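What follows is one structure encoded as structure tokens, with my remarks underneath.
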Amino acid sequence: MRFGKVQALAGLTLRVAGGAVGLLGPNGAGKTTLIKTLLGLVAPSRGSASVLGLDARRDPRRIRQLIGYMPERDCHIAGMNAVNFVAYAGELTGMRRTDAFSRAHEALFYVGLEEARYRNVDTYSTGMKQRIKLAQALVHGPKIVLLDEPTNGMDPKGRDEMLALVKDIATNKGIHVILSSHLLPDVETVCKHVVVLSRGKVLADDDIARLKAGAGDAFVVRVKGDAAPFLARLVGLGHAVTAATTSEGAHRVVLRNGDGSDLLFRTARESGVQIRHLIPETLSLEDVFMKALEEA
Amino acid sequence: MPIFDQGFRAFEGTLAPPTHRFWTITKAGVRLAMKKKWTWVVVLLASIPFLVLLVTIYLRGTAEQAGNTLDQRIAATARDVLVINGERFWLFFFQFHAGFIVPMIVLFVGAGLIANDRRTNALEIYFSRPITKRDYIFGKLGIVLTFGLFVTLVEGVLLYVFHVTMKGEISYLAESYDLFLGIVACSLIITVPSAAAILAISSFVKSARFAGLTFFGTIMLTAAAGEILHGVTGTKQFWAVSYIANAQQLCTQILLDKPQFDFPWGVSLAVLVGITIVSFAVLWRRIRPVEIVS
């Protein structure tokens with residue numbers, strides 16, 4: 001996928017099975033371009049894309065009937081209240097007017113906007129606008145929903161509620177979810193599977209649990225003596241070290257090559273320091289993400 | 001952990017095939033416009049000529065049929081004052097619409113149609129649905145045309161039908177079929193180019209007010225330029241630069257079979273067709289499902 005001189009997606013081969021899938025990547029990684037390709041809004045310059053067995057180039061309108069899309073940016077129809085807006089979104093997808101209105105009420109109840117559904121959307125707060133975007137994505141009963149940064153601009157409570165909703169959609173409503181975000185905890189909360197993109201390429205595509213297992217082992221380490229040579233030696237061996245995480249000067253070390261804690265003791269001995277504190281830690285998705293970016 | 005409404009289920013109904021979605025956009029746009037009280041005020045104001053002419057036709061018809069039932073002097077006065085001089089009657093109707101009413105309606109209804117969608121990023125909502133660029137453009141055009149053609153075509157045809165009814169002669173229908181076609185043609189000539197132009201201007205900006213001012217300014221500027229050039233040169237040829245004059249010129253040509261200004265009617269036709277084509281080209285280029293950030 002190319003826009004002028006910019007290669008937005010490069011040689012990307014990807015097969016997304018279903019359930020809740022996270023699309024991770026830094027800004028400009030190609031997440032939104034991938035979503036727009038799946039929606040059939042941009043045609044790949046080479047290769048093909050298919051959604052639910054339909055060719056994105058040949059049947060883009062049919063695909064968009066089966067998909068719900070929650071855009072990243074604030075968007076609504078000026079002058080409409082929430083019910084009319086969501087019902088209109090349903091009508092545009094092909095629902096009859098009566099069905100669209102009935103479903104609009106249900107969707108607005110579901111996302112927690114029942115009290116505000118007759119208010120003009122222009123007057124909504126950021127959090128409410130995020131919810132109504134989710135409602136319009138769900139109104140026509142899509143098989144897949146594509147959510148682009150669904151928690152943008154939300155306060156912590158609203159963010160938790162939005163993530164709980166997304167999780168409910170994926171687990172209880174039988175709708176496949178593709179969640180695009182650069183917020184790793186969001187993806188970790190909702191998704192079992194993750195695709196990591198950077199500069200238009202797939203860096204990782206697997207279950208989060210499996211990726212975490214393969215990413216190494218994390219430890220919080222504090223040493224007696226000068227830690228610098230010890231840490232430098234670890235970095236030299238290809239392991240990841242973060243800055244001091246505690247006031248006592250403990251560091252977080254991720255061992256990447258399948259090496260266990262023995263390596264830490266050996267390296268400490270070779271560096272002339274003593275390990276005084278060693279706690280194994282669970283790896284986060286951030287570690288997986290950083291590892292993927294480093295390897296790229 | 002919130003308790004979710006378990007009543008929300010996947011939609012099991014059927015979805016219509018993704019064709020003719022422009023009609024959905026038009027219907028929703030017309031409904032939204034009609035919820036604004038100002039739309040009613042503008043349409044009512046725009047219908048004043050229609051109402052006046054309706055009364056004129058009624059009084060004239062009544063006077064003709066008065067015979068001995070009305071005072072002969074009143075009937076004679078009515079016949080003299082309320083002359084419905086065939087095509088000239090309709091020319092008055094359409095010249096007034098071309099010069100003022102349709103630009104006003106089109107400006108009021110159309111200025112925000114795309115500008116507001118751009119301001120609120122609504123294009124992402126439209127194009128994530130089974131909507132094509134053609135559906136979107138024709139859907140929006142349909143909204144402006146609904147109001148524009150209501151005050152020209154619908155009101156014109158109603159006047160024509162009323163006129164025929166008051167005459168009470170069915171043979172008049174056969175005699176005046178070209179007048180009927182003229183009404184249809186004039187309505188389209190007045191409405192379509194201005195509707196396309198307001199949408200094209202609206203697609204450039206994110207403010208309905210700015211789009212409206214630009215459209216109004218362009219109409220006024222071209223009319224002023226025609227007036228000034230006419231004053232300086234003494235010929236009416238330069239009226240060809242005025243949008244209003246070209247619309248009026250074509251209506252005169254259709255209804256009276258002679259031009260109003262000192263230039264061929266083909267020039268006016270070319271100008272209006274040109275405006276329409278350029279407006280559609282602009283719309284086609286400006287309306288994009290995906291914004292490309294350079």
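A few points about this structure:
- Axis angle, to the nearest 10 degrees, between helix B:133-149 and the longest C-alpha principal axis of chain B: 30 degrees.
- Here the stretch A:196-236 is scanned for amide nitrogen atoms under 20 Å from the site 7 Å beyond the Cα of residue A:13 along Cα-to-Cβ, giving A:196-207.
- Candidates A:107, A:164, A:232: whichever shows maximal mean-square fluctuation once chain A is modelled as a Gaussian network with Cα springs under 10 Å: A:232
- Relative contact order (%) - criterion: Cα under 8 Å, at least six apart; region: the stretch A:215-295: 46 percent
- Count of lysine pairs in chain B with Cα separation under 19 Å (8 or more residues apart, or interchain): 10
- Which of B:220, A:80 has the fewest Cβ neighbours within 10 Å, and the rest in rising order: B:220, A:80
- Relative to the dominant Cα principal axis of chain B, helix B:21-34 is inclined by about 70°.
- Contour excess over end-to-end distance, with Cα ends at residue B:206 and residue B:277 and 0.36 nm allotted per residue: 23.3 nm
- By other beta-carbon atoms within 10 Å, ranking A:75, B:186 with the fewest at the front produces A:75, B:186.
- Chain A: most fluctuating residue of A:166, A:121, A:196 per GNM, C-alpha cutoff 10 Å: A:121
- Over the protein assembly as shown, dividing the summed -39,500 (n - 2.57) contributions of all DSSP H runs of at least 4 residues by the number of residues returns a 222 nm mean residue ellipticity of -17500 deg cm²/dmol.
- Electrostatic dipole magnitude of the protein assembly as shown [Cβ: Lys, Arg +1; Asp, Glu -1; Cα centre; debye, to 20]: 600 debye
- Acute angle (nearest 10 degrees) that the helix A:156-172 long axis makes with the longest principal axis of chain A, alpha-carbon atoms: 70 degrees
- Spatially proximal lysines relative to residue A:173 (Cα-Cα < 18 Å; intrachain offsets below 8 disregarded): A:133, A:143, A:192
- Estimated FRET transfer efficiency (residue B:119, residue B:171; beta-carbon r; R0 51 Å; 0.05): 0.35
- Mean Cα-pair separation over length for chain A, i.e. relative contact order, pairs under 8 Å, 6 or more apart, %: 20 percent
We did not get these values from a lab; they are worked out from the coordinates using the rules stated. What you see is a predicted model; the values in this text were computed from it and never measured. All Cβ positions, glycine included, derive from the backbone under ideal geometry; neighbour counts span all protein chains shown.
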